[in-house]
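The values are calculated or read from the model by the stated rules, or taken from the named source; none is laboratory data. The structure presented is a predicted model; accordingly, all values stated were derived computationally and were not measured. Cβ placement follows ideal geometry from the backbone for every residue including glycine, while neighbour counts extend to all protein chains displayed.
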Amino acid sequence: MISPFGREGIRRFSENASEIKRKAARDYEDLLQCAIPVFESLLPEPHNQIVMRLLYISAQWHSLAKLRMHHDMSLQLLDYMTTWLGAQMRLFNHDTCSKVSTKELQREADARARREGKGKASKGTAARQPAKLGIFTIKFHFLGDYVDYIRHFGTTDSYSSETVDHETHRQEQIDGADLPRQGSG
């Protein structure tokens, strides 16, 4: 177990990190910061080296992406690290994921069984199916646009979707209200 450290450093998380529900961004950051010593030598070579490099690049990318102030050089470095992260992720997917057998968590299998069998009687625990890394998703695709978004909108701490969320909620309230008719009709 990796102990928490630093006053504002890494917080304690459960012994089984894969069972943490509703992870916050800080949880992912803490897990990423602790991952290298935990995963070291867990897999045989060359997979161990690929995983170690991927974790290191991910930590570097994350530290650059969360900077609160950027300049041209830091954005060039983030752009370079994004390219390197994508290349390493594809290498990991092709060379490691295809050769290491993984299965979904039991809670994921149970949730899948509930979704597939709505209205049917439950038969206990569901069989775990093979799990694959999905790098061809919108999340991975948009990593390449991260630097352009920072250049256009600023760092991610300088704007929020909260205003849009509040306005959407307000609009839903107004739409449901009985408002007096307006006009000359």
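Does Ala113 meet the test of being in a helix (DSSP H, G or I), without any contact (Cβ under 8 Å) to a residue 40 or more places away in the chain, touching a strand residue (DSSP E or B) at 6+ places or on another chain (Cβ under 9 Å) and surrounded by 14 or more Cβ atoms within 10 Å (Cβ to Cβ)? Don't jump to the end; show me each part of the working.
On the way: in a helix (DSSP H, G or I): yes; without any contact (Cβ under 8 Å) to a residue 40 or more places away in the chain: yes; touching a strand residue (DSSP E or B) at 6+ places or on another chain (Cβ under 9 Å): no; surrounded by 14 or more Cβ atoms within 10 Å (Cβ to Cβ): yes.
It is false that Ala113 is in a helix (DSSP H, G or I), without any contact (Cβ under 8 Å) to a residue 40 or more places away in the chain, touching a strand residue (DSSP E or B) at 6+ places or on another chain (Cβ under 9 Å) and surrounded by 14 or more Cβ atoms within 10 Å (Cβ to Cβ).
Regarding region 89-103, can at least one residue be identified that is touching a helix residue (DSSP H, G or I) at 6+ places or on another chain (Cβ under 9 Å), over 20 Å from Leu55 (Cβ atoms), charged (D, E, K, R) and at pLDDT below 85?
no
Just the residues that are touching a residue at least 40 places away in the same chain (Cβ under 8 Å) and assigned to a loop (DSSP other than H, G, I, E, B), please, taken from region 86-110.
Answer for region 86-110, where residues must be touching a residue at least 40 places away in the same chain (Cβ under 8 Å) and assigned to a loop (DSSP other than H, G, I, E, B): Lys99, Val100, Leu105.
Scan region 29-76 for residues that are over 18 Å from the mean Cα position of the chain (by Cα) and closer than 16 Å to Thr155 by Cβ and jot them down.
Of everything in region 29-76, those that are over 18 Å from the mean Cα position of the chain (by Cα) and closer than 16 Å to Thr155 by Cβ turn out to be Arg68, Met69, His70, His71, Asp72, Met73, Ser74, Leu75, Gln76.
Looking at region 86-101 only, could you name the residues that are of a type outside the set (A, V, I, L, M, F, W, C) and surrounded by 12 or more Cβ atoms within 10 Å (Cβ to Cβ)?
Restricting attention to region 86-101, the residues satisfying the condition of being of a type outside the set (A, V, I, L, M, F, W, C) are 86, 88, 90, 93-96, 98-99, 101.
Answer for region 86-101, where residues must be of a type outside the set (A, V, I, L, M, F, W, C) and surrounded by 12 or more Cβ atoms within 10 Å (Cβ to Cβ): Gly86, Gln88, Arg90, Asn93, His94, Asp95, Thr96.
Please state which one of Thr125, Thr83 is of a type in the set (Val, Ile, Thr), exposed (fewer than 15 other Cβ atoms within 10 Å of the Cβ) and assigned to a helix (DSSP H, G or I).
Answer to the check: Thr83.
Does Trp61 count as among the aromatic types (Phe, Trp, Tyr) and either touching a Cys at 6+ places or on another chain (Cβ under 9 Å) or modelled with pLDDT of 95 or more (or both)? Before the answer, list the steps.
On the way: among the aromatic types (Phe, Trp, Tyr): yes; either touching a Cys at 6+ places or on another chain (Cβ under 9 Å) or modelled with pLDDT of 95 or more (or both): no.
So Trp61 does not fit the description; no.
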